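Right, one structure below, let's go through it.
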Amino acid sequence: MTLPVFPDALIDATYSDLKKEAEDGGYRLNQDIDFTKNLIRGLLKNEQRYGYRACPCRLATGKKEEDLDIICPCDYRDPDLDEFGACYCALYVSEAVQKGQQKLSPIPERRPPRANRKNPQPLTPKGLAPLAALPLPVWRCKVCGYLCAREQPPEVCPICKVKKDRFERFI
Amino acid sequence: MAVEHTSGKKVGSVMLYALSTCQWCNKTKQLLRDLGIDFDFVYVDLLEGKEQSEILDTMEKWNPRGSFPTLVIDNKRCIVGFQEGQIREVFGT
């Protein structure tokens with residue numbers, strides 16, 4: 001494998017940070033520590049070459065606006081955890097998988113294929129006329145579903161810690 | 001093109017499209033090595049521009065979702081993802 005050699009101390013520190021962040025939000029990292037640390041090496045390599053932690057198991061373009069949905073944690077993590085017990089790369093797993101009660105199997109790609117990816121943000125929902133009278137817009141975190149009513153989304157999602165650019169206008 | 005070759009038992013053309021950062025790609029490559037199969041592989045994330053888009057076009061004919069790993073066997077069959085059982089079955093082990 002052609003992964004750059006990151007110092008073990010950096011891998012260990014990143015692992016601890018991600019683990020704490022996950023557990024604080026009710027998520028779980030894969031219990032296979034060697035496998036998980038290799039995923040972290042991939043995340044760090046992507047951070048180094050693209051400037052953000054794109055999913056190690058997906059091909060990033062290097063253009064952040066096109067890759068936002070696959071910046072870890074990706075927009076597809078929660079539905080894949082619900083349906084398959086792990087996210088696409090298996091950095092995050094369900095309780096059943098972590099405890100060995102459910103076996104991991106390959107997860108089909110949920111992200112739209114290249115040709116269908118440029119979907120415009122469908123965020124002028126229909127039938128919202130009465131709600132337009134709300135005093136504040138409602139923003140939704142595309143990663144974890146957190147909702148908040150305020151002028152702008154928060155800088156960081158208080159639940160899953162992704163940045164402001166992962167929010168969409170919900171109402 | 002940055003296609004690498006692993007020598008082994010010849011079973012027709014075997015091409016693995018992979019990412020250098022992907023653990024499932026890595027497991028697939030390791031399985032092919034363990035099975036002693038003669039195969040080619042390419043790390044698509046290490047290619048750029050036209051070279052990358054051309055190889056993606058070829059890969060997407062087999063796997064329209066464009067996901068990794070994609071394993072194309074003898075230009076007849078395609079296995080998407082680390083499907084250990086299917087891969088072992090195809091190579092008769």
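The values are calculated or read from the model by the stated rules, or taken from the named source; none is laboratory data. Quick caveat, the model's predicted, so the values are computed rather than measured. Don't worry about glycine lacking a Cβ; one is built from the backbone with ideal geometry, like all the others, and counts go over all protein chains shown. These area figures cover heavy atoms from the full protein model, side chains too; ligands, DNA and RNA do not enter into them. Shrake-Rupley method; radii C 1.70, N 1.55, O 1.52, S 1.80 Å.
Under 7 Å between Cβ atoms, which residue pairs at least 6 apart in sequence (or on different chains) link something in the stretch A:135-152 that is farther than 25 Å from A:Arg28 by Cβ with a partner that is of a type in the set (Phe, Trp, Tyr) and open to solvent by 60 Å² or more (accessible area, probe 1.4 Å)?
Pairs that qualify, where the first residue is farther than 25 Å from A:Arg28 by Cβ and the partner is of a type in the set (Phe, Trp, Tyr) and open to solvent by 60 Å² or more (accessible area, probe 1.4 Å), are A:Val138/A:Phe170; A:Trp139/A:Phe170.
Evaluate the following for B:Ser13: is it away from chain A (no Cβ under 13 Å), surrounded by fewer than 21 Cβ atoms within 10 Å (Cβ to Cβ) and more than 13 Å from the chain's Cα centre (by Cα)?
In short, no.
Answer yes or no as to whether B:Lys27 is in contact with a Phe, Trp or Tyr (Cβ under 7 Å, 6 or more places away or on another chain) and of a type in the set (Lys, Arg). Before you say what the answer is, go through the steps one by one.
On the way: in contact with a Phe, Trp or Tyr (Cβ under 7 Å, 6 or more places away or on another chain): yes; of a type in the set (Lys, Arg): yes.
Yes; evaluated as a whole, the condition is true for this residue.
This table checks each residue for (1) more than 9 Å from chain A (Cβ to nearest Cβ); (2) touching a strand residue (DSSP E or B) at 6+ places or on another chain (Cβ under 6 Å); (3) over 21 Å from B:Arg33 (Cα atoms).
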{"site": "B:Leu56", "(1), (2), (3)": "no, no, yes"}
{"site": "B:Met59", "(1), (2), (3)": "yes, yes, yes"}
{"site": "B:Trp62", "(1), (2), (3)": "yes, yes, yes"}
{"site": "B:Arg65", "(1), (2), (3)": "no, no, yes"}
{"site": "B:Asn75", "(1), (2), (3)": "yes, no, no"}
{"site": "B:Gly81", "(1), (2), (3)": "no, no, no"}
{"site": "B:Gln86", "(1), (2), (3)": "yes, yes, no"}
{"site": "B:Glu89", "(1), (2), (3)": "yes, no, no"}
{"site": "B:Gly92", "(1), (2), (3)": "yes, no, no"}
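Starting from the stretch A:72-91, keep only residues that are closer than 18 Å to A:Leu18 by Cβ, then list their pairs with residues that are in a loop (DSSP other than H, G, I, E, B) and among the small types (Gly, Ala, Ser) whose Cβ atoms are within a distance under 6 Å, requiring at least 6 positions of separation or different chains.
Pairs found: A:Leu81/A:Ser94.
Looking at B:Gln23, B:Gln30 in this structure, which one is modelled with pLDDT of 95 or more and open to solvent by 70 Å² or more (accessible area, probe 1.4 Å)?
Exactly one residue qualifies, and that residue is B:Gln30.
What helices (runs of 4 or more DSSP H) lie completely within the stretch A:2-106 and have 2 or more residues being surrounded by 20 or more Cβ atoms within 10 Å (Cβ to Cβ) and either of a type in the set (A, V, I, L, M) or not assigned by TED's automatic domain parsing to the domain that holds A:Gly145 (or both)?
A:33-50, A:77-84
Does the stretch A:125-143 contain any residue that is open to solvent by 60 Å² or more (accessible area, probe 1.4 Å), at pLDDT below 95 and under 30 Å from B:Gly66 (Cα atoms)?
no
Look at the stretch B:63-80 and say how many of its residues are of a type outside the set (S, T, N, Q) and touching a Leu at 6+ places or on another chain (Cβ under 9 Å).
Final tally of qualifying residues: 9.
If you check A:Arg111, A:Arg49, A:Arg58, which single one turns out to be among the basic types (Lys, Arg) and over 17 Å from B:Phe68 (Cα atoms)?
On inspection, the qualifying residue turns out to be A:Arg49.
Which one of these is part of a strand (DSSP E or B) and either in contact with a helix residue (DSSP H, G or I) (Cβ under 6 Å, 6 or more places away or on another chain) or open to solvent by 40 Å² or more (accessible area, probe 1.4 Å) (or both): B:Asp40, B:Asp57?
Only one candidate passes the filter, namely B:Asp40.
Considering only the stretch B:63-93, state which residues are open to solvent by 80 Å² or more (accessible area, probe 1.4 Å) and farther than 24 Å from A:Ala90 by Cα.
B:Asn75, B:Lys76, B:Arg77, B:Glu89, B:Thr93
Has the stretch B:45-54 got at least one residue that is modelled with pLDDT of 95 or more, crowded, with 20+ Cβ neighbours inside 10 Å and among the hydrophobic types (A, V, I, L, M, F, W, C)?
The answer is no, given that none of the residues of the stretch B:45-54 is modelled with pLDDT of 95 or more, crowded, with 20+ Cβ neighbours inside 10 Å and among the hydrophobic types (A, V, I, L, M, F, W, C).
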